[in-house]
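Presented below is the structure to which this report refers.
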Amino acid sequence: MSEAEKSGQVLVDLAGVRKEYGQAVALDGVTLQIRAGEAAAVMGPSGCGKSTLLNMIAGLDRPTAGTVTVAGHDLGRLGESALALFRRRHIGMIFQFFNLIDDLPALDNVALAAQLTGTPARTARARALDLLGELGVAGRKDAYPATLSGGQRQRVGVARALMNRPALLLADEPTGALDSRSGEQVMDLLIDLNQIGQTLLIVTHDLELATRCAGRLIEFADGQVVGQGAAGAGR
Amino acid sequence: MSAVWRTARAAVARRRVQTLLIGLVVLCCTATAVLALGLLDAATTPFDRAFEHQRGAHVVASFDAAKANPAALARTAARPGVQAAAGPFGQVVADFPRTTDIPEAEGPLTIAGRAGPGGPVDRVSVLYGRWARAPGEIVLNLPAADGPRRPQALGARLTAPGLPPLTVVGLASSMSRSADAWVTPAQMAALRPRAVQMLYRFEEAATGPELRAAMAALSDGLPAGALASAATHLALRQAFADLAAAYLPLLTVFGVLALLVAVLIVAGVVSGAVVSGLRHIGVLKALGFTPGQVVAVYLTMVSVPAAIGAALGAAAGAALAGPVLRAAFQGVDAGVAEIGFGGWVPGVCLAGMPLLVAAAALVPALRARRLSAAAAISAGSAPRPGRGLRVQRALGGARLPRPVSLGLGLPFARPGRTAMTMAAIVVGLTSVTLTTGLGVTMAAFAAADRPPAGQVGVRVGEAAFGENAPRLDDRRIEALLRSLPGVRQVTAKVFRQVRLAGQARRGDINFQRGDTSPLAAQVVQGRWFDGPGQIVAPPAFLSQRGLAVGDRITLLLNGRRAEARIVGRLMSGDARFAWASWDTLTALDPRASADTYEVRLAAGVDPRRYADAVRAADPGLHPSFSLETGTTAATVVGVAGVFTALLIAVAALGVFNTVLLTTRERRRELGVLKSIGMTPRQVTVMTVTSVAAQGAAGALIAIPAGMLAHRLIVDNVGIVEFPDAMKDVFQPSHLVALALAGVVIAVLGALAPACSAARLTVAAVLHAE
Ligand SMILES: Nc1ncnc2c1ncn2[C@@H]1O[C@H](COP(=O)(O)OP(=O)(O)OP(=O)(O)O)[C@@H](O)[C@H]1O
Ligand SMILES: [Mg+2]
């Protein structure tokens, strides 16, 4: 991360990315670049392909056509296992509906991301506890997701996404399932993260979130980028 | 209703695998149930049907002709309580030596004089040929009508001391077993019978006391001691149900077991389907479905495949039943009873299985009905902290690869779901352990009854039968048989009828010398004889004479006597026979010689070649051998095999289905894990570890449970006492195979959804949820 960030290099590079689901065209030739250290927000009506775009960048799905390059990796050339390793090392994901592992307590949900890479349990848990502390939910470390509030769950989700110090943090409607107060807290968190150099790509419906968090607004419609511009906040 | 139907249809379409599995499980279970109930029904009703059809005799009475005159006997037909009577028929017992190949025409035969097969009682069925019309003609009773056809039996000539030669003109079957053979009344009169037979049907004939009372009332007007003996239909019925060979009880156990397991697995699979649909139920409720409609949706979802499965299963069961029943009843003296079962059997199964399925679905469906929509939506997704948490924490910190420790921890997070999976594994594996064990025991039992391959019996020719007598004497024959190539062991034997002091019944004792007979392996109490004055006998021989192992008896033969002690009891066998050593016979008959030699050949030696060598060496020796290793063994194993196969299929489907469901529920989680960097391999390792752990734990419970159940059953069921060798059937390799089978089935059930989840792109999995 640091290398790319220092030089403000292109971290994400999409060239003519197209994604079809049967007849439906979710992405219709998207070309887009995101530089290290940037905070970008993708906005657009429901069903226009925003989540699909994030999935492409995270290597969770493959484009029908076009290339996706993230941190120098051409994702089209990576196999499933290599993609998993790529995600571990470079990507942190935050979901609208948290997607925590129901069967694991908060601490282990966070630590898991590091343990998968072979980090010893002790080290992983120590760092996870630090992160939970920074996010203000250390007190709920032993709680199962089902017993946490939405805001708490999302903070655990953010902690998990940050666990492996990802080059790129992807957030799909991170505040979408939260009340306005919790949403604001999560928003502040993301802004702070970006301030210390975290590259951020947020998908949101929320114009306020977009303008406050992001330095750049990407407007999406019918699977295409229809406009880009600088936003007020961010760097 | 149309909303319910449409929703159920959509749900079925989305859960094709689950629907298919429910159908398959119900199919296998219904087939098993049809077979099991059919077997139980067939064990009793065919006898009744055939017996009633022949107007079978409740009592076959034989009277002393010197004490009761025919007119007085004929009048007994009018006594109160007598429904119908036939007779009097003259009756003699004649001892027929073996002169033909007809086993029914050998030994002491009871012959009755009857003008025809019909009459008010005991309407004998003539199967081949015709009834006797003239003196010199005889009709034989076939205890089993469906044996091989023996047209060559007609025309055979039977000779016995004191009788004119008799020509077999017919083969018939009497369910009452009133006689072993029949001649015309004129022929009978010429034989000067000293006994007279009467056949009775009574108004009250269901129990022993009723029959005794009826007979007492009947012999009231007759001179004391006129009634010589009376055989009741109860004994015949018993003999039929007991199935002479003792494996029907075991087959029955198989049937009951299969039924039970089928029910358990169906219940498990169906309630699993409902439980795993809880979230769906919550959504339906949120949509405004009434609780009743929700129940209806779920009942429809499981009842449709269940009904189809039951229909196909009943058809399959009915198709399988013919061969299975024929095999099960082979060797039973069924008379003309047609082995089969009533139409109610498939009917009950056809109606019962879907009802059972609906009932199994109803319990969890009703629970879901009470659940609030919110609770249902989050049902199963809220593990409670507690012991599970501690285990999870410990595992999370353990020095294991994380996918492995995750997999081990999963079962603890959801005790309910784990219990469901474990229950399926335990029920399935216990029953498979039990049935395979029973199968091995029954195979061993059936095999013990048959001459093993590589055994040649050598009979000494008898001049009385028109055969050459051997040139060599007894001892030289034995030496000859031992000297021919390929011989491993030779046992010389002779059957002698011996009186036992103080006993009315004689015993046919087989005296043996030479190598120990393989029968010695079937001693279940005491030991095989190893010196003079020692007797080994089957349980029936002992119980009918009030004897037990350790008792002393005196043998009487030709005016000589020999003291003997019962030293061993065999597993099973005929009540007439017992075994003793040659020295015991020498004491009774110093000049006795063997008439049969049992030769066991070394492995791989062709019995044909050996037999040829024997004939060449002395044309007075008649070797015989069977090339097939026991058809009974094959058929019993076949019957057990059918049940075992069905049970294994049902158990495997049950486990597969449960694991499939629980893993499928985890698909979203698998997607999440992949999104944070779990490789497909790690996903597979985790899933497999999780179910393999449950499979192994299930095996730890199920295998000992199955072994215990097997032991309980072989110790307590049936009239056979199995020797330990037939009870200790679980070889280490067998157990390992069983445990592996449990784990493998569980893993297979998990792999399909795990692989599809691992193969699917994460986006698709997460999108689908
Ligand atoms: N796995 C999939 N299978 C089939 N169609 C899909 C899949 N994922 C997305 N789509 C389709 O692709 C289009 C874009 O979906 P996407 O989820 O990217 O929209 P979105 O912009 O994120 O919408 P929202 O704001 O509602 O989340 C939609 O028409 C959707 O139905
Ligand atoms: Mg979306």
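Okay, here's what the table says:
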{"read-out": "Exposure proxy ranking, count of Cβ atoms within 10 Å, fewest first, for B:Thr554, B:Thr76", "value": "B:Thr554, B:Thr76"}
{"read-out": "Between the range A:179-233 and the range B:166-242, the alpha-carbon center distance in angstrom", "value": "104 Å"}
{"read-out": "Compactness of the protein assembly as shown as Cα Rg over 2.2 N^0.38 Å, two decimals", "value": "1.37"}
{"read-out": "Pair-distance profile P(r), taking every C-alpha pair of the range A:33-115, with 5 angstrom steps and integer %", "value": "3, 11, 20, 22, 20, 15, 8, 1, 0"}
{"read-out": "Nearby aspartates and glutamates by direct alpha-carbon distance to A:Lys141 (threshold 13 angstrom, same-chain neighbours under 8 apart not counted)", "value": "A:Asp108, A:Asp130"}
{"read-out": "Cα-Cα separations in the range B:59-204 greater than 19 Å, expressed as whole percent", "value": "50 percent"}
{"read-out": "Anchor B:Lys727: aspartates and glutamates whose Cα lies under 17 Å away (excluding residues fewer than 8 positions away in-chain)", "value": "B:Asp449, B:Asp715"}
{"read-out": "All-pairs Cα distance distribution in the range B:560-612, expressed in whole percent, bin size 5 Å", "value": "4, 12, 17, 16, 17, 15, 12, 6, 2"}
{"read-out": "Ellipticity estimate at 222 nm from DSSP helix runs (n ≥ 4, -39,500 (n - 2.57)) divided over the protein assembly as shown, nearest 500", "value": "-16000 deg cm²/dmol"}
{"read-out": "Footprinting exposure proxy for A:Tyr144, B:Tyr128 (fewest neighbouring C-beta atoms within 10 Å first)", "value": "B:Tyr128, A:Tyr144"}
{"read-out": "³J(HN,Hα) computed for each position of the range B:739-748 - Karplus, 6.51 cos²θ - 1.76 cosθ + 1.60, integer Hz, glycine/proline x", "value": "4, 4, 4, x, 5, 5, 4, 4, 5, 4"}
{"read-out": "Translational diffusion coefficient (Stokes-Einstein; Kirkwood radius from C-alpha pairs) of chain A at 10 °C, 1.306 mPa s, in µm²/s", "value": "89 µm²/s"}
{"read-out": "The range B:512-569 and the range B:649-712: distance between their alpha carbon centers, rounded to Å", "value": "56 Å"}
{"read-out": "Nearest 10 degrees, 0 to 90: helix A:180-195 Cα axis against chain A principal axis", "value": "80 degrees"}
{"read-out": "Average partner coverage of A:139-146, which counts Cβ from other chains inside 10 Å", "value": "3"}
{"read-out": "The range B:162-241: GluC sites (Glu not before Pro) in DSSP coil with no more than 14 other Cβ atoms inside 10 Å", "value": "B:Glu203, B:Glu204"}
{"read-out": "B:Asp180, A:Asp103 arranged by Cβ crowding within 10 Å, fewest neighbours leading", "value": "B:Asp180, A:Asp103"}
{"read-out": "Kirkwood hydrodynamic radius of the range B:522-634, from inverse mean 1/r over distinct Cα pairs, in Å", "value": "16.6 Å"}
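Bear in mind that the values in this text are calculations on the coordinates, not laboratory data. All values reported here derive from a predicted model rather than from experimental measurement. No Cβ is skipped: glycine too gets one built from the backbone with ideal geometry, and neighbour counts run over all protein chains shown.
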